[in-house]
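Everything on this sheet refers to the single structure shown next.
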């Protein structure tokens with residue numbers, strides 16, 4: 001049985017270190033390899049993993065993850081299979097696994113049914129980039145997730161104004177995901193210049209732990225996040241690392257946390 | 001004339017709430033990154049509408065640059081040949097750049113200018129909206145990036161060349177089905193990378209709020225003019241019995257319908273693309289066919305063609321502008337409320353209608369508009385001669401000559 005996101009964040013804090021969150025697209029390159037990758041990530045000591053449900057039109061994702069989504073769908077991966085895989089994985093590891101995806105997947109499944117199925121599968125939270133807080137009065141997704149004690153991770157961007165930071169702080173649960181730059185997911189060689197000021201501003205208004213993602217790819221990036229954030233999110237950078245090299249890469253990255 | 005004209009910005013009983021929800025449809029389902037940009041846009045648009053100098057500039061550009069009003073033409077030979085209701089054509093193909101798209105491009109480019117933006121981003125399917133955007137970018141001295149699916153780049157080569165001559169960068173999209181839906185995603189992502197300096201000039205009455213409302217408002221000039229022009233033919237106080245327009249995203253149709261929405265005696269008909277086979281997945285783009293399914297994709301809630309897991313399904317239409325799996329949220333609402341009716345016409349019927357109109361009236365419609373003509377050709381003979389139908393010729397067909405030549409041979 002896996003820990004909750006908040007429990008894992010407490011451990012990170014007690015160990016006075018940075019957390020590392022990684023990401024997989026379920027079914028890319030295959031459901032079987034997804035399973036092996038998640039197990040390898042957990043064994044390498046990462047603190048949590050985002051399990052992305054593939055979707056045809058992933059608005060917030062750059063070319064690498066978009067391609068992975070499309071390949072998984074072309075191979076016939078279904079939401080049901082993703083939930084089954086998630087259930088096997090949450091039983092096998094003790095770190096929290098979260099579901100990341102797009103809102104139409106949930107809407108089409110039925111919001112309540114999806115939250116229940118995720119809870120049954122041992123999922124510990126959701127990140128849904130195209131379901132902003134402002135649509136909640138029409139959707140009741142956050143409310144249903146809260147009833148199941150599952151946090152919906154809020155996203156913040158460098159464009160988020162202060163009043164919106166305040167609003168998000170009121171409703172956020174577990175942690176807040178800070179998108180590091182303008183644009184979509186994808187590995188970059190350097191971190192954006194404004195990152196320090198941006199994260200300090202967010203810190204002023206947001207009390208929960210901060211995860212930082214979009215473009216984090218090297219041990220150097222992770223070092224740079226010490227003292228600024230609580231969790232580093234590594235997504236696209238690991239997507240096409242072979243299973244054989246994954247453990248080594250993760251060990252190098254985790255050594256800097 | 002202008003004093004008697006209905007105002008460009010007006011409200012009907014089908015307006016959305018303050019967050020852009022038409023009943024359950026519409027909204028702003030976008031990543032946090034775009035929320036501030038959309039809020040800025042909504043505010044700027046509200047202010048602009050209330051600013052008489054902005055409204056006057058829109059009218060001035062419509063008249064002297066676009067060439068408005070576009071004519072409402074009585075298609076006498078076509079009417080006679082069909083032997084039923086009178087058919088009138090609202091000829092948006094005579095606008096500068098050859099289609100209705102220029103209407104919302106002018107309005108939005110003026111807004112972009114007001115906001116101090118230096119670059120326009122657009123997506124395009126048939127290329128008409130891309131050409132119109134590249135045109136206003138040139139006119140107002142703005143940079144321009146047009147996103148276009150690789151499949152559409154191939155089938156609409158003349159428009160690609162045209163956009164490039166106007167100074168626009170055409171960015172070819174190789175993701176997904178390489179058509180309009182992928183161009184929309186790519187354009188939205190481009191905007192996410194530069195939300196402060198650039199303006200996303202969306203090309204249909206869809207996407208996140210405020211686009212569906214804003215595009216509709218700038219297109220409403222079509223229906224406003226029809227209301228006036230129709231009375232010149234049929235007498236003071238008369239209104240058409242039927243309005244017929246093709247519906248991809250739905251901008252030309254909502255532009256024709258809007259001024260008549262509150263007048264229930266006017267029947268509204270949107271024509272979707274039946275493609276090669278309206279009953280087979282991937283062969284058509286009839287979102288409102290058998291069992292329309294609500295979804296949330298590309299920033300708005302509406303009816304989408306989707307599979308069992310909510311993924312967008314592939315579509316097909318001979319006309320690139322109708323080859324899209326979603327439909328503007330106000331159309332979804334009008335459909336649900338029963339205010340408008342939606343029908344489908346196949347590729348073959350559209351091509352036949354294209355030739356029929358060319359032969360009887362010497363007017364070559366865009367393949368998109370030919371869908372509306374095709375339905376009018378079916379409808380007219382079933383009605384008595386005192387009934388009237390206004391068909392929106394949303395664009396002219398020059399861009400389709402090469403596709404047609406291939407199809408006909």
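Only the coordinates and a few stated rules stand behind these numbers; no lab work does. Only a predicted model underlies this, so the values are computations on that prediction, with no experimental measurement involved. For neighbour counting, all protein chains shown are included, and Cβ atoms are generated from backbone atoms with ideal geometry for every residue, glycine included.
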**Fill in**
Only one of (1) touching a strand residue (DSSP E or B) at 6+ places or on another chain (Cβ under 6 Å); (2) within 13 Å of chain A (Cβ to nearest Cβ); (3) within 21 Å of residue B:35 (Cα to Cα) does not apply to residue B:201, and that is (2)
**Complete:** Out of (1) within 14 Å of chain B (Cβ to nearest Cβ); (2) within 26 Å of residue B:28 (Cα to Cα); (3) touching a helix residue (DSSP H, G or I) at 6+ places or on another chain (Cβ under 7 Å), the one residue A:135 does not meet is (3)
**Item:** Failed item, numbered, when residue B:358 is tested on (1) free of Cβ contacts under 8 Å to residues at least 60 places away in the same chain; (2) over 23 Å from residue B:100 (Cα atoms); (3) touching a strand residue (DSSP E or B) at 6+ places or on another chain (Cβ under 9 Å)
**Value:** (2)
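For every residue, the table says whether it meets (1) over 25 Å from residue B:36 (Cα atoms); (2) surrounded by fewer than 20 Cβ atoms within 10 Å (Cβ to Cβ); (3) in contact with a strand residue (DSSP E or B) (Cβ under 7 Å, 6 or more places away or on another chain).
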position: A:108; (1), (2), (3): yes, no, yes
position: A:116; (1), (2), (3): yes, yes, no
position: A:129; (1), (2), (3): no, no, yes
position: A:149; (1), (2), (3): yes, yes, no
position: A:153; (1), (2), (3): no, no, yes
position: A:156; (1), (2), (3): no, no, yes
position: A:169; (1), (2), (3): no, yes, no
position: A:179; (1), (2), (3): no, no, yes
position: A:183; (1), (2), (3): no, no, no
**Item:** Qualifying residue in region B:280-287 (condition: more than 14 Å from chain A (Cβ to nearest Cβ) and surrounded by fewer than 24 Cβ atoms within 10 Å (Cβ to Cβ))
**Value:** yes
**Request:** Determine, yes or no, whether residue A:114 is under 17 Å from residue B:298 (Cβ atoms), touching a helix residue (DSSP H, G or I) at 6+ places or on another chain (Cβ under 6 Å) and within 14 Å of another protein chain (Cβ to nearest Cβ).
**Result:** no
**Request:** Just give me the residues in region A:82-111 being part of a helix (DSSP H, G or I) and within 10 Å of another protein chain (Cβ to nearest Cβ), in sequence order.
**Result:** A:82, A:103, A:104, A:105, A:106, A:107, A:108, A:109
**Message:** Just to confirm my filter: which helices (runs of 4 or more DSSP H) fall fully inside region A:141-257 and include at least 3 residues that are in contact (Cβ under 8 Å) with a residue 40 or more places away in the chain, within 25 Å of residue B:191 (Cβ to Cβ) and in contact with a helix residue (DSSP H, G or I) (Cβ under 9 Å, 6 or more places away or on another chain)?
**Reply:** A:236-239
**Asked** Name the residues in region B:298-316 that are assigned to a strand (DSSP E or B), touching a residue at least 60 places away in the same chain (Cβ under 8 Å) and within 7 Å of chain A (Cβ to nearest Cβ), would you?
**Response** B:312
**Asked** Which one of B:244, B:239 is more than 29 Å from residue A:134 (Cβ to Cβ) and free of Cβ contacts under 8 Å to residues at least 60 places away in the same chain?
**Response** B:239
**Request:** Can you give me the ranges of the strands (runs of 3 or more DSSP E) entirely in region B:68-172 with at least 2 residues that are more than 19 Å from residue B:187 (Cβ to Cβ)?
**Result:** B:72-74, B:86-91
**Request:** For region A:69-85, enumerate the residues that are within 16 Å of the chain's Cα centre (by Cα) and closer than 17 Å to residue B:177 by Cβ.
**Result:** A:69
**Prompt:** Does residue B:324 satisfy the condition of being within 17 Å of the chain's Cα centre (by Cα), part of a loop (DSSP other than H, G, I, E, B) and in contact (Cβ under 8 Å) with a residue 24 or more places away in the chain?
**Reply:** yes
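Here is a yes/no grid of residues against (1) within 22 Å of residue A:242 (Cβ to Cβ); (2) within 14 Å of chain B (Cβ to nearest Cβ):
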site	(1), (2)
A:4	no, no
A:16	no, no
A:23	yes, no
A:30	yes, no
A:55	no, yes
A:59	no, yes
A:66	yes, yes
